[in-house]
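See below for the structure under consideration.
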Amino acid sequence: MRICTLRLVFVHLAMLLIGQVSVVWGQEHPKLILTKAGVEQIRAELGKVPLFDASLENVKAEVDAEMALGIDTPIPLDYSGGYTHERHKRNFLILQKAGVLFQILQEEEYARYIRDMLFQYEAMYKDLPVHPKERSYARGKLFWQCLNDSNWLVYVSQAYDCIYDWLSPEERQQLEGNLFRPFADFISVGNPQFFNRIHNHSTWGNAAVGMIGLVMGDEELVQRALYGIKDDGVKAGERDNDGGLIRMEGQQTGFLANLEEPFSPDGYYTEGPYYQRYASYPFLLMAVGLQNVKPELRIFAHKDSVLLKSVYTLINLSDADGEFFPLNDAQKGMSYHSRELVSAVDIAYHYGNKDPQLLSIVNEQGQVLLSDSGLSVALGIRDGLPVPYEKSSISLSDGSQGNQGGIAVLRREDLELVFKYTAQGLSHGHYDKLSWMLYDKGVDILQDYGMARFVNIEQKGGGNYLKENTTWAKQSIAHNTLIQNETSHFEGDYDTGSKHHSEKYLFESSDQDLQVVSAKEPNAYPGTEFHRTIALITEERFEQPIILDILKVNSSTENQYDLPFHFMGQVMQTNFKHETPKTLEPLGTENGYQHLYLEGRGAPSGANTKLSWMREGKFYTLTTVSEANDELLFTRLGASDPEFNLRRDATFLIRRKDQKNTVFVSVVEPHGSYSPVSEFSVNAKSRIGTLRILHSDNEYLAVAIENDQSESTIFFLALTDPGKTTEHILKLDEKDYRWIGPYQYIKPKS
């Protein structure tokens, strides 16, 4: 009797302890992206919310089809794109979806499927060695790198959360002891060089450890995720395979540090929108879990609500088709239709201020998360709340304090101009200070190459970054910016580039007809400073807005300067003669020049050089102020590329030799149209008559733009004082011109 009494006491104490843990942790499941209350509301609304119902139907069809094939958890062998890699990736995506189906539909076949697959992984993982592919600085077990292992755990933790209460205590103990806790330990304390850094890789690792910790009620794992590992043995200065620093001296680590350091106060992520999109999933899913389990952290208010801001930043850094501008390492074509942004927009709406503009983006995406936030969005759409998302011109700061340059997007009519004057961008950064790109209705007219990688295509380097990413895509010549002496900015050295950032000079978009952005770069080349100013000008003399590009270079030594324009389309006409070689040879030997075939060489025929081309049924003309000794080069990608890893894109390059100080002035003019159906061309010729530099010294620049009717305008720029209230005066041809602020545009009298 005494033994039974003691046993009852112990049971009672255990129940009290469990109750206390439940109070502290909110041990009610599910609690990551779904909550008990949310699931009940979802069930109550089924059949009454069209977008949610359609999303549920699509997910159910996908999961049912996968379940019919049976469970396959093969021994890992491949890089990205190979069968075992793609199978394990498919598994974690389906497991997450099966979990929400179980919660919403209460059909046990989904829970059994998750349980059975998890136990196959449990049986495998206990004795699984590290992945046989040795390329990564942090090899995983299921995948060739810990990054993908972390992807697996981020998704699978959600599935486990959904069936947690359905499983027996013994099953949970077995899964947690043999699979989840060892898995979390492996990607964290087992690989601190991966887990303990500021990088999108670590964000995935932090979220993976944190989310499974939240599900299991493991405070140690959650604290490890939030604040990193102390005394991890990783030395400051160690690098990953791409040459990126793993740790700088004194750098904080963990999920919260990854919220602080890479994000600017405006929500711009220093690696660029492609990787911001990728990291948005673990950032926001972990945040939802923290909001549900640890609301006292007020995670969505952290750093002035930077996570919510970041979703708007991503939308604003997309073109008319929703595709992200390819800043730094980026696959062209990635867009806000991706699964990461479906999650991000839903979460930003639900946990933000329920901005009806976001609902219009969801309408474009055509699907929602099967979660509390997804239902919230779908209800808003059902109730007719969406309003159009208005993308406007925007300036976004870079750096954790917003003081390391930034990105500007100028928008007018169908044109979008992206000007980059950022910090390095961590290991995914490119050497492209003061570069720009131009889009027209979502079509790239002056392009940034993006990255040299075929993601998840095994035939191309196992889906990994190709060597041409370093030898071409990162190099300065691959961008629309200044190159000195055929050498990339900072000599292509990551450490040097990471110490510097460009300096914003001005940004002004309040006058839609005259939008201007300007920045300076004093460090890319020792002893040289270049200052670039771009104006998007709308006026009645021209059919569409034109782009004025002014690049002033000051140097202490004589140099060769190259200014490339990576135009997309078919050449229509030039106003200069050029020769084409019988045999193609590379333009140079290194720094990206080894990948450019020289296809044509010419010289200016007058004060202005013109190149016209056609792209997607529209004409564009580049007019640039020429100097007598300029070389005009046509190049095309493809040299030193035996595996055909690079696209065969064209470039027009202006070369200016043996000069210390110089000014490049150009106008890009969109005009006219061509229909292959009617076979009519309209306004196929440029309306720019003459482009002239009227004045240039260290304080002021004045540029005249004359049209084909001899009507002239003048753009004035103060080079040393961007103050909005400063009064300026400049004498030209015995006439005084006065203006207030850093620039002025004087139109012809009507």
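The values are calculated or read from the model by the stated rules, or taken from the named source; none is laboratory data. The shown structure was predicted, so the numbers you read here are calculated from the model rather than taken from an experiment. Cβ atoms come from the backbone with ideal geometry, glycine included; neighbour counts cover every protein chain shown.
Tabulated results
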quantity: Output for the stretch 202-248, where each listed residue is at pLDDT below 95, outside any loop (DSSP other than H, G, I, E, B) and either surrounded by fewer than 19 Cβ atoms within 10 Å (Cβ to Cβ) or hydroxyl-bearing (S, T, Y) (or both); calculated: R239
quantity: Search result, residues across the stretch 376-417 that are under 30 Å from Q103 (Cβ atoms), surrounded by fewer than 24 Cβ atoms within 10 Å (Cβ to Cβ) and in contact (Cβ under 8 Å) with a residue 24 or more places away in the chain; calculated: S376, L379, G380, I381, R382, L385, P386
quantity: Listing of strands (runs of 3 or more DSSP E) fully contained in the stretch 697-742 that carry 3 or more residues being touching a residue at least 24 places away in the same chain (Cβ under 8 Å); calculated: 700-707, 712-718, 727-732
quantity: Residue that is surrounded by the fewest Cβ atoms within 10 Å (Cβ to Cβ), among those in the stretch 418-443 that are more than 28 Å from R615 (Cβ to Cβ) and aliphatic (A, V, I, L, M); calculated: A423
quantity: Near pairs, Cβ below 7 angstrom, 6+ apart or cross-chain, from the stretch 159-179 (under 22 Å from T35 (Cβ atoms)) to any residue that is among the β-branched types (V, I, T) and buried (at least 16 other Cβ atoms within 10 Å of the Cβ); calculated: A159/I114; Y160/V215; D161/V215; C162/V100; I163/I114; Y164/V215
quantity: Among (1) under 22 Å from W166 (Cβ atoms); (2) at pLDDT below 95; (3) assigned to a helix (DSSP H, G or I) - the single one Q27 does not satisfy; calculated: (3)
quantity: Residue, nearest to A348 (Cα to Cα), within the stretch 297-322, restricted to residues that are among the charged types (D, E, K, R) and not in a helix (DSSP H, G or I); calculated: R298
quantity: Residues of the stretch 708-750 that turn out to be touching a Pro at 6+ places or on another chain (Cβ under 9 Å), surrounded by fewer than 18 Cβ atoms within 10 Å (Cβ to Cβ) and of a type outside the set (G, A, S), as a count; calculated: 6
quantity: Candidates E364, E340 - the one that is surrounded by fewer than 24 Cβ atoms within 10 Å (Cβ to Cβ) and touching a Ser or Thr at 6+ places or on another chain (Cβ under 7 Å); calculated: E340
quantity: Residue in the stretch 570-587 that is closer than 25 Å to Q484 by Cβ, within 28 Å of the chain's Cα centre (by Cα) and surrounded by 21 or more Cβ atoms within 10 Å (Cβ to Cβ) present; calculated: no
quantity: Residues that are more than 14 Å from the chain's Cα centre (by Cα) and closer than 13 Å to A519 by Cα, drawn from the stretch 409-422; calculated: F419, Y421
quantity: Subset of the stretch 592-610 (residues that are surrounded by 21 or more Cβ atoms within 10 Å (Cβ to Cβ) and in a helix (DSSP H, G or I)); calculated: Y593, H595
quantity: Residue among S488, S435 that is outside the structural domain of S335 (by TED's automatic domain parsing) and either under 22 Å from S395 (Cα atoms) or acidic (D, E) (or both); calculated: S435
quantity: Answer residue from the stretch 528-555, given it is hydroxyl-bearing (S, T, Y) and in contact with a Ser or Thr (Cβ under 9 Å, 6 or more places away or on another chain) and is surrounded by the most Cβ atoms within 10 Å (Cβ to Cβ) among those; calculated: T533
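The rows are residues; the columns are (1) among the hydrophobic types (A, V, I, L, M, F, W, C); (2) not in a loop (DSSP other than H, G, I, E, B).
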| site | (1), (2) |
| --- | --- |
| E590 | no, no |
| S612 | no, yes |
| N629 | no, no |
| R636 | no, yes |
| E643 | no, no |
| L646 | yes, no |
| F652 | yes, yes |
